[in-house]
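Notes to accompany the following structure.
The values are calculated or read from the model by the stated rules, or taken from the named source; none is laboratory data. The model shown is predicted, which means the values in this text are computed figures rather than measured ones. Methodologically, a virtual Cβ is constructed for each residue, glycine included, from the backbone with ideal geometry; neighbour enumeration extends over all protein chains shown.
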Amino acid sequence: MTTWAGAKTPESGEVAGRPDGAETKRGRHAAGLLSEGSARFAVVVIWILMIGVYGLFEPDRFMTRETFQTIFSSQQALVFLTAALLCTVCVGEFVDLSVASNLGLAAIVVPVLVVHHGWNPLMASVVAIAVGAAAGAVNGWLVVRLGVNTIVVTLGMGTLLLGVGLWISGLTAISGLSAGFGDIALKNLAGLPLSFYYGVVLVLIFAYVVDRTPLGRHMRFVGANREVSRLAGVRVKRIRFGAFVFAGLICGVGGVLASAATGGFDPTVSQSYLMPTFAATFLGTAVIQPGRFNPIGTFVAVYFLATGILGLQLFGVAGWVSDVFYGGVLVVAVTISTLLRARVA
C-alpha cells in the first residue's frame, strides 16, 4: 500500500518519508561528535602527514632516529616559555611580551655568577629562578595593582630584561659551566635528554591544575569574565598577580635548564624565542580542546612546529624559512583560535 510523505503508517505510527525525531537527534549528535573529534586531532593528523611527506622525499635524511631525537631534544626552552605564557593567557592576559627576555636573563645569570664570580651552580640557579619570579611579580604589580596596560608593561619589561642580560654578560656569550651541572638537563634517558621529560612533567602538572582543581577553574573564570568572577567571590586580583609570578618562575627554571644544556648562554638569542612561543600557544587552541588554551595542545604544537622547520631545512630551504613559517603559523593560529572561541561561545 502506497503512503504519501507526511502520512502515518499503521505499523510504526511514524511519519512516512521523514526520519524519526530521536533518530534525527542521534544523527545530529553523532555528526557533532565527529566534527568535534576532527577538530581535536586535525593538527595531529597534519603532523603525521607532514612526517610522511618529508619521509617520502628525504627518507635517508629525515626518517632516522637522529632526526627525531633532534626534534624532541631541542625544544625544552620553548616548552617552558609556552607554559609561562599560558599562565597569563588563562587569566585573560593574552600578550606577555617579556617571557623570552625573562628566560634569557635567568639563563645568563647562571654562567655569569658561576664562571665570572665563582659561585656554586646550585646557588646561582636559585638566584636565577628568583630573578625570573621577581620580574614576573613586577609585571603583576604594574598590571594588576596599578592597572597599567599589559602590552606596554611587558614590552617595556622585556626590553629592560634583555638590556640587563646584555649588560651583565658584556654583550658576549658566556660558557664554561661544568659537565656535571649540564647533566641535570642532558643526561640521557631512553634516547632523550632529561630536559624533555621535565617539559612533559610540567605540561602534565599544568594540565591537571587547569582542568581538575578549583584554582584552575577560577583561572578559567577570571579569563572569561573578571567582573562576574569577582561577584562570584573569586579573588580575581590575587589570581591574576599569581599568574604573572608563576610565569616568571617557570621562565627562571627554563633559563637554568637552558644554560645547563648549552654549558652557558648567549643573551642575544632570547628574543628569537618570542615568535615561536606565541605561534605554538595559539596553535595549541586547535588541538585536544578546540577553542581553549590548553597545555597539552600547546605541547603538541611545539613539536609540530619543530618538525616543520627541521623538514624544510633538510630540503635545503634558506635560514629565513623559520621566520616565514613561524609568522605564517601565528597568523593562521590566531585566526583559528578566534573562530573556534567564537564557535564555543
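Consider only pairs whose beta carbons are under 9 Å apart and that are at least six residues apart or on different chains; among these, list those whose first residue lies in the stretch 141-163 and is over 20 Å from Gly255 (Cβ atoms) and whose second residue is among the aromatic types (Phe, Trp, Tyr) and not in a helix (DSSP H, G or I).
As it stands, the answer is Thr150/Phe94, since those pairs meet every condition given.
Restricting attention to the stretch 135-152, does a residue exist that is in contact with a helix residue (DSSP H, G or I) (Cβ under 8 Å, 6 or more places away or on another chain), among the aromatic types (Phe, Trp, Tyr), more than 21 Å from Met219 (Cα to Cα) and surrounded by 15 or more Cβ atoms within 10 Å (Cβ to Cβ)?
no
Run down Leu330, Leu314 and say which single residue is more than 13 Å from the chain's Cα centre (by Cα) and surrounded by fewer than 24 Cβ atoms within 10 Å (Cβ to Cβ). Lay out the reasoning, then the answer.
Numbers: Leu330 fails: more than 13 Å from the chain's Cα centre (by Cα).
None of the others qualify; the one that does is Leu314.
Find the helices (runs of 4 or more DSSP H) located wholly in the stretch 226-345 whose residues include 3 or more that are at pLDDT 95 or above and more than 30 Å from Thr67 (Cα to Cα), and list them.
On the way: elements: 226-231, 236-262, 274-283, 295-314, 321-344.
Helices (runs of 4 or more DSSP H) meeting the threshold: 236-262.
Of the residues Ala279, Ala247, only one is touching an Asp or Glu at 6+ places or on another chain (Cβ under 7 Å) and either under 24 Å from Ala130 (Cα atoms) or hydrophobic (A, V, I, L, M, F, W, C) (or both); which? Lay out the reasoning, then the answer.
Working: Ala279 fails: touching an Asp or Glu at 6+ places or on another chain (Cβ under 7 Å).
Only one candidate qualifies: Ala247.
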